[in-house]
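Trainee: Have a look at this one.
The values are calculated or read from the model by the stated rules, or taken from the named source; none is laboratory data. Note that the coordinates shown come from a computational prediction; the quantities given were computed from them, not determined experimentally. Here the Cβ positions follow ideal geometry from the backbone for every residue, glycine too, while neighbour counts run over all protein chains shown.
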Amino acid sequence: MTTPPIHRVVIAGGGTAGWMAAAAIARTMGRTVAVTLVESEAIGTVGVGESTIPPIVTFNRLLGINEAEFMRETQATFKLGILFDNWKDRGDTYFHSFGTTGKDHWSAGFQHFWLHGLTRGHHQPFDDYCLELRAALQGKFAHLPDGRMNYAYQLDSGLYARFLRKMAEADGTTRIEGRIAQVELNGESGDIAALTLDSGARIEGDLFLDCTGFRALLIEQALHAGFDDWTHFLPCDSAIAVQTESARPALPYTRAIAHDAGWQWRIPLQHRTGNGIVYCSRYLDHDAALERLLGTVEGPTLTEPNRIRFVTGARRQQWHRNCVAIGLSGGFMEPLESTSIHLIQRAILRLLRMFPSAGISPRDVAEFNEQQHTDMLQIRDFLILHYKATNRRDSAFWRQCASMPVPDSLAHKIALFRETGRVFRKNDELFAENSWVQVMLGQGIVPESYHPIATKMRDDELVRLLCGLRDTTNATVDALPDHAAYVAHYCSTA
Ligand code: FAD
């Protein structure tokens, strides 16, 4: 059974999620549906969410956004990956880059050849064969032909929402300012009929997008879609964010620095740096976390510290009745791999692919929910890996992480890599083989064997392969311009 046709889309909330949804729907469906967005300046947005991953480049392109203009307007920098400090051991670092490392054979990833190289006396780090990684650590960047440099952005989320708002309004979205006081349900169907504002205004719609952030005003408070709590796998439950002046030219990567009860982020933008601490309140209290954060930021602070409490987990049904939860209302996992904005993008593109113009079909709803859930479970596994695979036992927090049971899917992935060096990407998973390999090696998981195809190479062939790849990577990186200078020049071309 389907609902009546969808002519009016109402978006509740104007954070990153709300305006990304409005911009995308108005641009693609604007001729067939009316889009209205309600937001409350008095309530405001969560005010964080600055580090992204490469699919956002595609999202912006789909919307026809001029990249240089977008970067100028959002004070964005390029991002080539994340530098992880203190995760495997205190004092240890590794890099998860957006690139590929070396060159894969159809039967085996590059790590197998690299592992064979180690046994033949070639001890160069795995990192030496990845262009994005080498460029990041040298603070360099350029657009290369054929998309050979895979990148994302570090951006000011408030400015991004403003940028998208301008686009969405130009494409016909109606913005209404005000606090939603009540979500009115249809007595017969149980669907949402309208939102009532403090002012008394009533906004009717056919399809409602809940972009109200952690409040989940529509999907949970009104429709009770349910929530799965994943705190037992990812125990951090608090964060404090603060913005500082830039202490140095912006680097093309985000930092995730582990401490004894969680980790800190550092995100360099053009005009400032975003900083924050994520922690588990069982092991670190707010005052101590704040002191640690303020004691380690590099420049003078520009904002008051922003305290955020969260529960890691997912809404059981992200699409329920005539309401789709997009953004924090749909669930949250800590920003360790910068995946939240990506999940917003996935939900929007998925909704557009299944857009229920003729009415909502339960099959579409079931399909949407299953796909969203799969995305979140895969990302969850990847995040847990960072905590579980560690040598750290120096605090109660790390001892808890190291000893906690993990999902079977992750336990299998770790065991398979440890035994064989293999990783398989399933179901259109976000993180590809190279991401898993970089993080598993970085967290200290060393494969006990590797694919026999690597041993088929003669020593001189292996040397040619490894040295050739490294020399090409080095030569390309040497020729790249400085990242901050490149960004400044690029933005001036908009
Ligand atoms: P919000 O920004 O909270 O927006 C909610 C909107 O709803 C606001 O406009 C508000 O005014 C409106 N609203 C709420 N109630 C009402 C009401 N009653 N009436 C009217 N309007 C209402 N993601 C990343 O991808 N990368 C990161 O680096 C990253 N870092 C993060 C760090 C932390 C500590 C946290 C908590 C999150 C982080 N995220 C990150 C996630 C990211 O911030 C969010 O996914 C993103 O900002 C989207 O938020 P949102 O739009 O869902 O919610």
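Trainee: Does Ile25 satisfy the criteria of being surrounded by fewer than 19 Cβ atoms within 10 Å (Cβ to Cβ) and either of a type in the set (Ser, Thr, Tyr) or under 23 Å from Ile176 (Cα atoms) (or both)?
Mentor: On the way: surrounded by fewer than 19 Cβ atoms within 10 Å (Cβ to Cβ): no; either of a type in the set (Ser, Thr, Tyr) or under 23 Å from Ile176 (Cα atoms) (or both): yes.
No: the conditions fail for Ile25.
Trainee: How many residues are surrounded by fewer than 24 Cβ atoms within 10 Å (Cβ to Cβ) and more than 12 Å from the ligand (Cβ to nearest atom) when one looks only at region 321-342?
Mentor: Total meeting the criteria: 1.
Trainee: If you don't mind, there's one more thing I want to ask. Residue check: is Gly295 modelled with pLDDT under 95 and more than 20 Å from the chain's Cα centre (by Cα)?
Mentor: Values: modelled with pLDDT under 95: no; more than 20 Å from the chain's Cα centre (by Cα): yes.
Here the answer is no, as Gly295 does not meet what is asked.
Trainee: Only one of Arg292, Arg315, Arg307 is among the charged types (D, E, K, R), buried (at least 16 other Cβ atoms within 10 Å of the Cβ) and within 14 Å of the ligand (Cβ to nearest atom). Can you tell me which? Reasoning before the result, please.
Mentor: Working: Arg292 fails: within 14 Å of the ligand (Cβ to nearest atom); Arg307 fails: buried (at least 16 other Cβ atoms within 10 Å of the Cβ).
Within the list Arg292, Arg315, Arg307, the selection yields Arg315.
Trainee: From Arg165, Arg175, which residue is among the charged types (D, E, K, R) and part of a strand (DSSP E or B)?
Mentor: Values: Arg165 fails: part of a strand (DSSP E or B).
From the options Arg165, Arg175, the qualifying one is Arg175.
Trainee: Need the failing condition index for Cys236 against (1) outside any strand (DSSP E or B); (2) farther than 18 Å from Ser338 by Cβ, just the number.
Mentor: For Cys236, the failing item is (2).
Trainee: Something else: Among the residues of region 79-101, is there at least one that is out of contact with any helix residue (DSSP H, G or I) (no Cβ under 6 Å at 6 or more places or on another chain), within 26 Å of Ser246 (Cα to Cα), surrounded by 20 or more Cβ atoms within 10 Å (Cβ to Cβ) and among the small types (Gly, Ala, Ser)?
Mentor: no
Trainee: Looking only at residues that are among the β-branched types (Val, Ile, Thr) and buried (at least 22 other Cβ atoms within 10 Å of the Cβ) in region 343-378, which one is farthest from the ligand (Cβ to nearest atom)?
Mentor: Among those that are among the β-branched types (Val, Ile, Thr) and buried (at least 22 other Cβ atoms within 10 Å of the Cβ), it is Ile360.
Trainee: Sticking with this one: Could you list all residues from region 196-237 that are near the ligand (Cβ under 10 Å from one of its atoms) and touching a strand residue (DSSP E or B) at 6+ places or on another chain (Cβ under 9 Å)? Before you say what the answer is, go through the steps one by one.
Mentor: Here is the first cut: in region 196-237, the ones near the ligand (Cβ under 10 Å from one of its atoms) are 197-198, 210-218, 221, 236.
Correct list: Leu197, Asp198, Asp210, Cys211, Thr212, Phe214, Ala216, Leu217, Leu218, Gln221, Cys236.
Trainee: Glu132 versus (1) in contact with a strand residue (DSSP E or B) (Cβ under 6 Å, 6 or more places away or on another chain); (2) free of Cβ contacts under 8 Å to residues at least 60 places away in the same chain; (3) closer than 20 Å to Ala24 by Cβ: which is the lone unmet condition?
Mentor: In the conditions (1) in contact with a strand residue (DSSP E or B) (Cβ under 6 Å, 6 or more places away or on another chain); (2) free of Cβ contacts under 8 Å to residues at least 60 places away in the same chain; (3) closer than 20 Å to Ala24 by Cβ, Glu132 misses (3) alone.
Trainee: Let me confirm something: among Gly49, Gly64, Gly14, which residue is modelled with pLDDT under 95 and part of a loop (DSSP other than H, G, I, E, B)? Before the answer, list the steps.
Mentor: Values: Gly64 fails: modelled with pLDDT under 95; Gly14 fails: modelled with pLDDT under 95.
Going through Gly49, Gly64, Gly14 in turn, the sole match is Gly49.
Trainee: Also, I was wondering about something else. Scan (1) more than 22 Å from Arg363 (Cβ to Cβ); (2) within 16 Å of the ligand (Cβ to nearest atom) for the single condition Ile25 breaks and write down its number.
Mentor: Every condition holds for Ile25 apart from (1).
Trainee: Restricted to region 217-272, and to residues that are more than 20 Å from Cys401 (Cα to Cα) and of a type in the set (Ser, Thr, Tyr), which residue is surrounded by the most Cβ atoms within 10 Å (Cβ to Cβ)? Steps first, answer last, please.
Mentor: Here is the first cut: in region 217-272, the residues more than 20 Å from Cys401 (Cα to Cα) are 217-227, 240-255, 266-272.
Pick out the ones that are also of a type in the set (Ser, Thr, Tyr) and you get 244, 246, 253-254.
On the way: Thr244: 18, Ser246: 15, Tyr253: 30, Thr254: 28.
Checking each candidate, the answer is Tyr253.
Trainee: Looking only at region 197-214, how many residues end up being touching a helix residue (DSSP H, G or I) at 6+ places or on another chain (Cβ under 7 Å) and outside any loop (DSSP other than H, G, I, E, B)? Walk me through it before giving the result.
Mentor: Of all residues in region 197-214, those touching a helix residue (DSSP H, G or I) at 6+ places or on another chain (Cβ under 7 Å) come to 208-214.
Right, trim to outside any loop (DSSP other than H, G, I, E, B) and you get 208-210, 213-214.
Adding up the residues that qualify gives 5.
This table checks each residue for (1) at pLDDT below 95; (2) under 26 Å from Arg315 (Cα atoms); (3) among the polar types (S, T, N, Q).
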| site | (1), (2), (3) |
| --- | --- |
| Thr374 | no, yes, yes |
| Leu383 | no, yes, no |
| Phe417 | no, no, no |
| Thr420 | no, no, yes |
| Val437 | no, no, no |
| Gln443 | no, no, yes |
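Trainee: Can I ask one more? Which number in (1) within 20 Å of the chain's Cα centre (by Cα); (2) of a type in the set (Val, Ile, Thr); (3) not in a helix (DSSP H, G or I) marks the one condition that Val57 misses?
Mentor: (3)
Trainee: Sort out which residues of region 33-81 are within 12 Å of the ligand (Cβ to nearest atom), closer than 20 Å to Arg148 by Cβ and hydrophobic (A, V, I, L, M, F, W, C), and write them in order of number.
Mentor: Within region 33-81, Ile53, Ile56 qualify.
Trainee: Starting from region 218-245, take each residue that is of a type in the set (Ser, Thr, Tyr) and list its partners that are at pLDDT 95 or above and buried (at least 16 other Cβ atoms within 10 Å of the Cβ), counting only C-beta distances under 6 angstrom and pairs at least six apart or across chains.
Mentor: Once the first residue is of a type in the set (Ser, Thr, Tyr) and sits in region 218-245, its partners that are at pLDDT 95 or above and buried (at least 16 other Cβ atoms within 10 Å of the Cβ) give Thr231/Thr312; Ser238/Tyr279; Thr244/Thr273; Thr244/Asn275; Thr244/Val297.
Trainee: Please go through region 94-128 and give me each residue that is closer than 24 Å to Ser338 by Cα, part of a loop (DSSP other than H, G, I, E, B) and touching a residue at least 60 places away in the same chain (Cβ under 8 Å), ordered by number.
Mentor: Gly99, Thr100, Thr101
Trainee: While we're here: Out of Gly15, Gly44, report the one residue that is closer than 24 Å to Ser199 by Cβ and surrounded by 18 or more Cβ atoms within 10 Å (Cβ to Cβ).
Mentor: Details: Gly44 fails: surrounded by 18 or more Cβ atoms within 10 Å (Cβ to Cβ).
Of the residues listed, the single one that is closer than 24 Å to Ser199 by Cβ and surrounded by 18 or more Cβ atoms within 10 Å (Cβ to Cβ) is Gly15.
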